[in-house]
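One structure is given below, encoded as structure tokens.
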Amino acid sequence: MKLLAVALAVAFPCLAQMMIPEPDKGKALGSPTAPITIEVFSDFTCPHCKHFHETELPALMRDYIVKGKVYLVSRDFPLTGPEHQYSRQAATYATAAARIGKYEPVADALFANQDFTKPTSWVVNGQVWECVAAVLTPAERTRVQALAKDPGVVAEVERELQEGLATGVNSTPTLVVNRGGKRFPIPSTVDYSLLRSFLDAPK
Amino acid sequence: MPPNKTFRTLASVLRLMLGGIFMFAAWIKIKDPMSRALFAIDLDAYKIIPLRYVQTVAWMLPVAEMMLGAVLILSAVGVLLRPGNRLLMVSLRLSSVLVCLSLVIFIGAMSWAKLSGKNIDCGCFGPGEPISWKTMVRDGSMLAGAMFVAWTAFLPRRKTA
């Protein structure tokens, strides 16, 4: 079903504007019946994504997700390039952690330890697993390591990347707000007060 | 030298088209609260206007576009019906120049954003249209048309018998 959705979105870009790809529930926050769904396409090595995760996301959580107004779905969009060599690895571990309901603590740890100025940071020394393992119990570590090698998990990361590309994501983080059957990509630089006026605007 | 009939017809058609485009672009931005909020987000992405004025400008700009488009259309029709009316000529000249000026500002802002490496929406005709060479060429063509319209508005009129 997910593959069909991606294939349709790639073949008919106009459909990508209308379809909300089936979310991975392990990467979602809030109630699926909320009137607004926000997809966040982000990358663990992107500093703007770290800023979004640590400042705007808690505000969204407090003002909209907890109140049942917004259903938030995280989507991995691993970047490529010299500073993003561990992006896909981090996305794969996070997706594997989502399968056991541990996406949020793993995402928190990856973003909290994302610092390009510190040689001890995983984005510099490539010790992605060590960063992920620090927030898991021994039993969870074993399961996440096994799941990270699962072709289904690897394919999910690639599928989310392709979904982002089909939606027109060209920078991270990009928020795609789904309201009233329409999808609105919102720039990553959006000020929270302006985002609020959009979310609060009557249809 | 007074412009010939073809010249004047072309100018009149362009005035009506530009006026219509300006009014349509404005309507897309203010037709409902969601569109207004989205335009404010698009406007803020340029990072030209201080945040505290973004909402106000996001409301005033489309209103100004709407008024400018309407005045251009009304003046163009008025001049065709009453060629000697000085007030209509002044209104036509003023609105033509203001349309040119606003297009110069819009293209300038888009060029600046593009050269700064910003991957943002143009905000010209609603959401979901990133700044690209296509949007630049489209607005550039509109500017060329607007300059022609402004130029013809200042040409001497043919004397009527």
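The values are calculated or read from the model by the stated rules, or taken from the named source; none is laboratory data. A quick note: this is a predicted structure, and the numbers were derived from the prediction, not measured. Every residue, glycine as well, gets a Cβ built from its backbone with ideal geometry; the counts of neighbours run over all protein chains shown. Note: areas computed on protein heavy atoms with side chains; ligands, DNA, RNA excluded. Shrake-Rupley method; radii C 1.70, N 1.55, O 1.52, S 1.80 Å.
Numbers at a glance
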read-out	value
Carbon plus sulfur fraction of accessible area for the stretch A:19-192, probe 1.4 Å, in percent	56
Residue-normalised accessible area of the stretch B:5-153, given per residue in Å² at a 1.4 Å probe	51
Isotropic mean projected area of the C-alpha convex hull, the stretch A:158-203 (nm²)	3.6
Accessible area buried at the B-A interface, both sides summed, 1.4 Å probe (Å², nearest 100)	1400
Cα pair distances of the stretch A:142-181 binned at 10 Å [whole percent]	24, 36, 29, 11, 0
Square roots of 5 times each gyration tensor eigenvalue, C-alpha, the stretch B:88-161, largest first, Å	32, 10, 10
About the Cα centre, charge dipole magnitude for chain B (Lys/Arg +1, Asp/Glu -1 at Cβ), debye	760
Cut-off 12 Å between beta-carbons: net charge of the residues surrounding B:MET34, Lys and Arg +1, Asp and Glu -1	+4
Quotient of C-alpha Rg and 2.2 N^0.38 Å, computed over chain B	1.13
Centroid-to-centroid separation of the stretch B:3-81 and the stretch A:79-147 [C-alpha atoms, Å]	49
log10 of Debye I(q)/I(0), alpha-carbon scatterers only, for the stretch A:31-132 at 0.17, 0.21 Å⁻¹	-0.76, -1.08
The stretch A:19-192, relative contact order in percent, only Cα pairs under 8 angstrom and at least six apart counted	31
Average beta-carbon neighbours from other chains, 10 Å sphere, peptide A:180-190	4
Mean Cα-pair separation over length for chain B, i.e. relative contact order, pairs under 8 Å, 6 or more apart, %	34
Dipole magnitude of the protein assembly as shown, debye to nearest 20 (Cβ charges: Lys/Arg +1, Asp/Glu -1, about Cα centre)	2000
Distant alpha-carbon pairs in the stretch A:71-203 (separation over 27 angstrom), percent	27
Dimensions in Å of the protein assembly as shown - Rg and Dmax from alpha carbons	25.8, 99
